[in-house]
Structure formats: C-alpha cells, structure tokens
1. Can you list residues whose amide H is under 5 Å from Asn26's amide H, if they're 5+ apart or on another chain and H is modeled 1.01 Å from N?
2. Relative contact order, percent, of the chain when contacts are C-alpha pairs under 8 Å separated by at least 6 residues?
3. Which aspartates and glutamates have a Cα lying under 14 Å from the Cα of Lys36, excluding residues fewer than 8 positions away in the same chain?
4. How long, wide and thick is the chain, going by the Cα atoms along their three principal axes, in whole angstroms, largest first?
5. Taking 7 Å along the Cα-to-C-beta vector as the label spot, tell me the Asp18-Thr158 distance in nanometres, rounded to one decimal.
6. Using Cα springs under 10 Å in a Gaussian network model of the chain, which residue among Phe164, Phe217, Phe132 shows the largest mean-square fluctuation?
7. Name the most mobile residue of Val219, Val116, Val47, meaning the one with the largest mean-square fluctuation, in a Gaussian network model of the chain with Cα contacts below 10 Å.
8. Calculate the length of the line joining the C-alpha centroid of the stretch 138-178 to that of the stretch 30-45, in whole Å.
Amino acid sequence: MFLAIDAGNSNVVFALFDEKSGKWTNHFRLETKTPKLISQLGKKVPVYFLEHTLTPKDITAIGLSSVVPEVNSILIDFCQSYFGLLPYVISPKSYPKLSVKTQRPDEIGTDLLCNVMAAWTKYKAPVIVVDFGTALTFTVVDGEGQVLGVNIVPGLRTAIKALFMNTSKLPDVDLRLPDSAIGKDTIHAIQAGVLYGYTGLVKGMLQTIREEVNQDFKVVATGGLSAILTSLQQDFDEIDPNLTLEGLRLITKINTDQ
Ligand SMILES: Nc1ncnc2c1ncn2[C@@H]1O[C@H](COP(=O)(O)OP(=O)(O)O)[C@@H](O)[C@H]1O
Ligand SMILES: CC(C)(COP(=O)(O)O)[C@@H](O)C(=O)NCCC(=O)O
Ligand SMILES: [K+]
C-alpha cells in the first residue's frame, strides 16, 4: 500500500492507497503542533495500525507533502523508524516531469501543486481548486495545465481564531451555519458573520477570477472544511476530500517509477 502524508498547518493527514482496488482505504489526522505531534506519532499511529489489522510492512512506498518545514525531519525520522522507508518528499525538483506547470516552483505550496496535479489530470480543462484549510486558497489553472496564480485568504477556523485571540469579549465558536444571517447574540453573530460572509467571499472570488480570465473553469473544492458552506454546493463541480492525497500519489509515482 502507498502511504500519503499531507502536512498542513493544522493537521498532518495520513492516508493509505490500496493499489489493488485503486482506492483510498484509510485516513487519520494528527495535529501538526509540536511537540504534540512527536508523541502522537509514537502512540496513535501504531494503535491505528493495530486496530485496523495493518502492519508497517503493508506500506511499500511513502510520499510526503509538507507546507510546515519544521515538521519534515520529525515525519521523515518516524517513517524510517516505524516503516523502515524513506518518504519521497515533494519539492520544486518534483515539478519538471509533471504535465502541470508553475512559474514559481520555489514558492508555491506543495499541497497546492498536489491539488493542481490531481484536478488537471482528472479534467484536462481549466480548473479552479478551492482548498478550505488553515488558509482558504484559490488556485487557478488554464487549459494547458499552467498555474496562472493563487490567492490566499484566512481559512474559516483561522478567521474565528483571529477574532477570539484579538478581542476581549468574543468567544471561540463552532463552525455552524445559523438559520439567519443577522446575529441575535454574540455566538450567532460570529457564526453568521464568518459562515455567510465566507459564502459570499467564495462566490465573489470565483466570479472575479472568471471576469479576469474568460475560460470555462471547472471548480473543485477540497480541504478539511470544504463541506461546511452548504450553500456553495451549486458553485462547485465537485467536492473531493482526497484531492491533495491523489496529487501527492501521482507526483510521487511519476518521480519514483523507473
Ligand atoms: N472533518 C473535519 N471536520 C471539522 N473540522 C475539521 C475537519 N477536518 C479538519 N478540520 C479543521 O479544519 C481546519 C482546517 O483543517 P485542514 O484542512 O486539515 O487544514 P490544513 O491542511 O491547513 O492542516 C482545522 O482547524 C481542522 O482542525
Ligand atoms: C497557502 C498555504 C499556507 C496553505 O496551507 P494549509 O491551509 O493547507 O495549511 C500553503 O500552501 C503555503 O504555505 N504556501 C506557500 C505560499 C504560496 O503558495 O504562495
Ligand atoms: K492542506
């Protein structure tokens, strides 16, 4: 089985791909925060494997995408000690062999390139990938697989966190869409502001991109929070929670197959 490790700013996602069935069969998330990550790796991964009747030997190759360089050596060391394997680490060196192109390989997040690789391989058409992670990102790809650019906004949880960390009286709240866009109490006010506000943000951003680049874009959403804004369903051709993982797998395969 192939193991994909996607290290984002909130979560490190582990996912197993079974080559025989061609399916992603297992997923679990750890928190990216160190030193918690180190202790969670040592405890939760072996427990997860035991509970799912898996053994480290079932893993035959590993790909790693990380947008948090501080955790790379922790994850690489863990792969070596637990699986006895070195992961293939996605980097600017991974890109020349790909059918997708970017003009700023040294800067763009490897997670965004994984998204683009998966979406473009699937659609072979202009596509906008909307990734609802710690950051909310829009990555715009033309019909030749060329990344035209990215825009980055605070993610939904990050926006809520910014409010409660920068104010005296605002609490942390759940990401729940209230019935009314007009807040009747403080919690409702934050939920209405962030959830209705971000719904408008996403619609507006897609429209502005389409006005700037007149192409028939597919829109694919991914990321931990991609299903929360339910009124965006019509704006997305697809919500694919595995998009980054699938791109990670494709980029690893292209760069490691003899
Ligand atoms: N299935 C989920 N349900 C609710 N919240 C989630 C889920 N997955 C992730 N989150 C939360 O959403 C935020 C973004 O998560 P994620 O997409 O994993 O971000 P990143 O890729 O930046 O690590 C985090 O606050 C995370 O805790
Ligand atoms: C934009 C991101 C912070 C998104 O990270 P995430 O929300 O998945 O944790 C990450 O892709 C990143 O650090 N990118 C580098 C800057 C860029 O893509 O231009
Ligand atoms: K991500």
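1. Here the answer is Leu16, since their amide H atoms fall under 5 Å of that of Asn26.
2. 18
3. Straight-distance partners of Lys36: Glu70.
4. Answer, in whole Å and largest first: 55, 43, 33 Å.
5. Output for this residue pair reads 3.6 nm.
6. Most flexible of the set in this elastic network: Phe164.
7. Largest GNM mean-square fluctuation: Val47.
8. Answer, in whole Å: 25.
Values quoted throughout were computed directly from the atomic coordinates according to the rules given, and no laboratory measurement underlies them. The shown structure was predicted, so the numbers you read here are calculated from the model rather than taken from an experiment. In this analysis, Cβ positions are derived from the backbone assuming ideal geometry, glycine residues included, and neighbour counts consider all displayed protein chains.
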